[in-house]
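Here's the structure we're looking at; comments come further down.
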Amino acid sequence: MTSSSYSSVYPLAVCGRETPRVLSIAGSDPSGGAGIQADLKSIAAQGGYGMAAITALTAQNTLGVSAVHVPPVEFLRQQLESISTDIAIDAVKIGMLGDAAVIDEVRSWLESVRPGVVVLDPVMVATSGDRLLRGSAEQALRALLPLADLITPNLPELAMLLGEPEAADWDSALNQGKRLAAECGTTVLVKGGHLAGAECPDALVNTSGLLRQDVIEVAGPRVETKNSHGTGCSLSSALATVQARTGDWEASLREVKPWLLQALLHSDSLDVGQGNGPVHHFHHHQVLRPGQFAAALWKEAAPELEAIYKLSFIDGLQSGDLPEAAFNYYLAQDALYLNGYSRVLARAGALAPTEEEQLFWAKASQQCLEVESELHRNWLSTREASSVTGPVTKSYVDHLLASSATGSYSVVLAAILPCYWLYAEVGQRLHASFVEAGSPAAHPYADWLRTYADEEFAAATRNAINFTDAAAAAASEGERVSMVEAFAQSCRYETAFFDAPRLFA
């Protein structure tokens, strides 16, 4: 029994095929966004080994297709035979085929080799509107459909395959998908990408005959971007690769769809071409440049920082008009907060990968307790202030403790950072205003404002930023997502903490 026949009997997910061998049979896009080039990127992004048999050569870029050349079909036959006589093929993705002779050749090869997974993307019209399949070949393409395990047309192609007008809404698209699945006796992926609206659903339509059909919808948001070149190619080849591992179309779609969503969201960063640019296939493997993640975090912090500057507490602290009761409440809560914060800093030191970082966080933890004792308690010992932990303080400390208990080192640092970064930024602004006003000795909070000029704290803040940025570079994509969430939540708590005296003092 050959490898290919074995895999057609036992799904590759059962066989444990960790690196599926995936063949793309499609046209070439010299601009790299679609066709063979997009397929190979998608296959690699999903952990597969990509191979390619080229059916057509195109002259195209992000602005459109200017020419198509279909090589002699005999050469395609030689490509396919060379690959399949040497390499066991776990999955095949079929894209642009060009003309009827090419389609017939691919059909003959499929009937002979019959790989375990066949995904057919009936490439007929490019996103730019350029036609990629000769009209005389449409009937031959329809005859090829039953040999596929999954068909992935866009809505214009779905309508062309049925000889009907293009669907104008999701229900009509689903109905067309059901009819095509029934005609072909195979699974159809109905894609909502060409419809209007904020949502972009996809649906797998399976058929067990005309009397029974199953529809599995997978919801998703629409990404507003001009960069969708090669989206269909990328999706179909990614599905072929993942299906070779899972053996389950629903599981494959639920794995691939979020990847494609992020590929669209990150497409602008590629800056390729003047027209409809490509998606970012390797967004999840992107190597961060030093400072890049920190810059992204700063964008997250900016709205909260602006909100802090508009708070009555900050205005009163800057002018000296803040009621003493509000300031006392703030200091009392800050003392309680620093006690919990010191434990999280100690946890960061325990998780730190280098001696330099271990020492930094351990020292920071110690300084938190020293500040709590020296500054806060000295001030509060002669003034009235509640020692009961307020709701904002409790929530903030609980968030930090949860991050330190369940998160990785990188997540803990992201949760810690706003207390350094936002506090330093607000402090520098307050101190600068105090100095510009002549550092009035009568200012009731002069001693407090002077502490913001501490260069040692500014240097510690820079170290905290750099350590967090470096941790992000070493983290996985999932960890970086969690880092942003933890950082953003801490930023919101910073705003709430400064506003708490107005509500609870």
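Things to note:
- First in region 310-335 and more than 16 Å from residue 437 (Cα to Cα), second anywhere and acidic (Asp, Glu) and surrounded by 14 or more Cβ atoms within 10 Å (Cβ to Cβ), Cβ under 9 Å, 6 or more apart: 311/499; 312/499; 313/499; 334/372; 335/372
- Considering residues of region 247-291 that are hydroxyl-bearing (Ser, Thr, Tyr) and open to solvent by less than 40 Å² (accessible area, probe 1.4 Å) only, the residue farthest from residue 150 (Cα to Cα): 267
- If the condition is being touching a strand residue (DSSP E or B) at 6+ places or on another chain (Cβ under 7 Å), over 20 Å from residue 86 (Cα atoms) and either open to solvent by 20 Å² or more (accessible area, probe 1.4 Å) or among the acidic types (Asp, Glu) (or both), then region 38-56 contributes 39, 44.
- Boolean, residue 324 is of a type in the set (Asp, Glu), farther than 30 Å from residue 447 by Cβ and open to solvent by 70 Å² or more (accessible area, probe 1.4 Å): no
Here's the yes/no breakdown for (1) more than 26 Å from residue 241 (Cα to Cα); (2) within 33 Å of the chain's Cα centre (by Cα):
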position	(1), (2)
30	no, yes
36	no, yes
55	no, yes
59	yes, yes
65	yes, yes
71	yes, no
75	no, no
84	no, no
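- Residue within region 441-452 that is β-branched (Val, Ile, Thr), in contact (Cβ under 8 Å) with a residue 40 or more places away in the chain and either open to solvent by 40 Å² or more (accessible area, probe 1.4 Å) or more than 30 Å from residue 320 (Cα to Cα) (or both) present: yes
- Filtered by the rule that a residue be in contact with a Leu (Cβ under 9 Å, 6 or more places away or on another chain), open to solvent by 40 Å² or more (accessible area, probe 1.4 Å) and closer than 21 Å to residue 260 by Cα, region 171-202 gives 193, 194.
- Test: residue in region 390-402 that is part of a loop (DSSP other than H, G, I, E, B), more than 32 Å from the chain's Cα centre (by Cα) and either closer than 18 Å to residue 467 by Cα or without any contact (Cβ under 8 Å) to a residue 40 or more places away in the chain (or both): no
- Taken as a whole, the condition of being out of contact with any Ser or Thr (no Cβ under 8 Å at 6 or more places or on another chain), open to solvent by less than 30 Å² (accessible area, probe 1.4 Å) and either in contact (Cβ under 8 Å) with a residue 24 or more places away in the chain or at positive phi (or both) applies to residue 103.
The values are calculated or read from the model by the stated rules, or taken from the named source; none is laboratory data. Predicted, not measured: the structure shown is a model, and the values here were computed from it. Counting neighbours? That spans all protein chains shown, and the Cβs are built from the backbone with ideal geometry, glycine included. In case anyone asks, the SASA skips ligands and DNA or RNA and just uses the protein heavy atoms, side chains included. Shrake-Rupley method; radii C 1.70, N 1.55, O 1.52, S 1.80 Å.
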